[in-house]
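The structure under discussion appears below in the form of structure tokens.
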Amino acid sequence: MKTGITFSCFDLLHAGHIRMLAEAKSQCDYLIVGLQTDPTIDRPEKNQPVQTVVERYIQLKGCQYVDEIIPYTTEKDLEDILRLYPIDVRILGDEYKDKNFTGRNFCEEKGITLYFNKRHHRFSSTLLRTEVYKKEKAKQVARNGQSEMASVEFSQNGKIT
């Protein structure tokens, strides 16, 4: 049985995550997902999750491609997971192909295959956050505009119409 592992925060689980997990599962028989509790702990440039780790865990648990979930906190924890579990393939995003990422040296030394999946879609948590923000802002502006119009009508007519 070939065991694969991938690591991420999986905040605001979306279609891009599902496609990535499906591709990851196609590389192994058993897929372990390392669920990072908060990537900002040792990488402050990252976004803090909107959802709790429990919410994200429940969503991943419902995904047909995920066989096991291991929550972790730091990049050191990620390395420990790689050392503790019998992993055959590690799945990462294509953007890491030419970078020195956590655990790369260990995987290469131990003969763990590195599989870099490609992003053939526009989905991302950042884009999702932005779209939600824009739509909420538009609703707010529309509501404020209506209340301003109502107050103008009230002051002109003496009552709200």
Seminar exercise, completed: Pairs returned, first residue in the range 72-95 that is within 11 Å of T6 (Cα to Cα) and in contact (Cβ under 8 Å) with a residue 12 or more places away in the chain, second residue that is of a type in the set (S, T, Y) and buried (at least 19 other Cβ atoms within 10 Å of the Cβ), beta-carbon separation under 6 angstrom, 6 or more apart or interchain, are I91/T6
Exercise. Among the residues of the range 70-104 satisfying the criterion of being touching a strand residue (DSSP E or B) at 6+ places or on another chain (Cβ under 7 Å) and of a type in the set (D, E, K, R), which is surrounded by the most Cβ atoms within 10 Å (Cβ to Cβ)?
Worked result: R90
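Would you please name the residue that is farthest from the chain's Cα centre (by Cα), looking only at residues in the range 18-27 that are surrounded by fewer than 22 Cβ atoms within 10 Å (Cβ to Cβ) and in contact (Cβ under 8 Å) with a residue 60 or more places away in the chain?
Going residue by residue through the range 18-27, those that are surrounded by fewer than 22 Cβ atoms within 10 Å (Cβ to Cβ) are 18-19, 22-23, 25-27.
Retained after the next criterion (residues that are in contact (Cβ under 8 Å) with a residue 60 or more places away in the chain): 19, 23, 27.
Numbers: R19: 12, E23: 15, Q27: 20 Å.
In this case the residue turns out to be Q27.
Report yes if R56 is of a type in the set (K, R), touching an Asp or Glu at 6+ places or on another chain (Cβ under 9 Å), free of Cβ contacts under 8 Å to residues at least 60 places away in the same chain and surrounded by fewer than 14 Cβ atoms within 10 Å (Cβ to Cβ), otherwise no. Walk me through it before giving the result.
Numbers: of a type in the set (K, R): yes; touching an Asp or Glu at 6+ places or on another chain (Cβ under 9 Å): yes; free of Cβ contacts under 8 Å to residues at least 60 places away in the same chain: yes; surrounded by fewer than 14 Cβ atoms within 10 Å (Cβ to Cβ): no.
For R56, the condition - of a type in the set (K, R), touching an Asp or Glu at 6+ places or on another chain (Cβ under 9 Å), free of Cβ contacts under 8 Å to residues at least 60 places away in the same chain and surrounded by fewer than 14 Cβ atoms within 10 Å (Cβ to Cβ) - is not met.
Every number in this text was worked out from the coordinates using simple rules, so none of it is lab data. Every value quoted in this text rests on a predicted model; they were computed, and no experiment measured them. Cβ sites come from the backbone with ideal geometry, for glycine too, and all protein chains shown count toward neighbours.
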